[in-house]
Amino acid sequence: MMSLHEVVDLFRRLRGRRTLFLGTGNPRRGDDGAGVLLVELLAERIKEKEFYYLLVEENPENFGAEIAGFRPEVVVLIDAAKFGAETGEIRLIGEGELNSLRISTHTYSPGIFLTYLKKTLNCQIHLVGIQGDRFELDFEKQGVSRTVKERLHELVDAIHREFGPPAENP
């Protein structure tokens, strides 16, 4: 089952810290677009002052300068993954799992990329994995599967309940 609690807890711990959320994946490959969709949903609903969102799709390594420009204390990479769970399960992937896990359809290694960011930016790193089901080219433009989309909305709703509405500026 999806671990909403551990991901919501991550957001709680990051509150007030300069955090960059990277949405990765290929929206033209079904559930592979889940990371991009989740970051879009977060950007719409979670308006924390220190939270920044960047859609990097399939090639986050091409955004190195832009990522560095945010001067993040924390980088959270969000991507579809294959970790043998039920479709739509969302969980934190530990640093020790980064290089052995099959993440999405990228040619880069998220472990190498995140380690690079950690060392060059002197920041904390986290990976949020979303168990997908369909990763083939989506010629019918169905997008992310209904099950995955529902789980993403559940997660964003839970985070939104935790944080409440953004504070009004006087």
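The values are calculated or read from the model by the stated rules, or taken from the named source; none is laboratory data. Remember, it's a predicted structure, so these values are computed and weren't measured experimentally. Note that we place each Cβ from the backbone using ideal geometry, even for glycine, and neighbour counts take in every protein chain shown. Side chains included, ligands, DNA and RNA excluded: accessible areas come from the protein's heavy atoms. Shrake-Rupley method; radii C 1.70, N 1.55, O 1.52, S 1.80 Å.
Our Cα-only numbers for the chain put the radius of gyration and Dmax at 15.0, 49 Å.
Rounded to the nearest 10 square angstrom, Ser3 shows an accessible area of 40 square angstrom against a 1.4 Å probe. To put it simply, the accessible area of the chain at a 1.4 Å probe is 48 percent carbon and sulfur.
Which whole-number value in Å² is the accessible area per residue of the chain, probe 1.4 Å? Before the final figure, lay out each step's value.
Numbers: 8570 Å² over 170 residues.
Per-residue accessible area for the chain comes out at 50 Å².
Centroid-to-centroid, using Cα positions, the stretch 1-45 and the stretch 126-164 are 9 Å apart.
Just from its helices, what would the mean residue ellipticity at 222 nm be for the chain, if runs of 4 or more DSSP H residues each count -39500 (n - 2.57) and the sum is divided by every residue, rounded to the nearest 500 deg cm²/dmol?
Numbers: 5 runs with 59 residues, N = 170.
The per-residue figure over the chain is -10500 deg cm²/dmol.
As a length-normalised measure over Cα pairs under 8 Å and 6 or more apart, the relative contact order of the chain settles at 33 percent. What is the stretch 1-81 by shape, rounded, prolate or oblate, if you read a ≥ b ≥ c off the alpha carbon gyration tensor as root eigenvalues and call it rounded for a/c under 1.5, prolate for a/b larger than b/c, and oblate otherwise? Oblate.
Net charge within 12 Å of Glu162 by Cβ-Cβ distance, Lys/Arg positive one each and Asp/Glu negative one each, not counting Glu162 itself?
Working: positive: Arg12, Arg13, Arg15, Arg45, Arg161; negative: Asp9, Glu48, Asp157.
Its environment carries a net charge of +2.
Only bridges whose two residues both fall in the chain count here: according to DSSP, what percent of them are antiparallel, nearest 5?
The antiparallel fraction comes to roughly 20 percent.
In the chain, how many lysine pairs have Cα atoms under 23 Å apart, counting only pairs 8 or more places apart or on different chains?
Numbers: Lys47/Lys149; Lys49/Lys118; Lys82/Lys141; Lys82/Lys149; Lys141/Lys149.
Lysine pairs satisfying the spacing and distance rule in the chain number 5.
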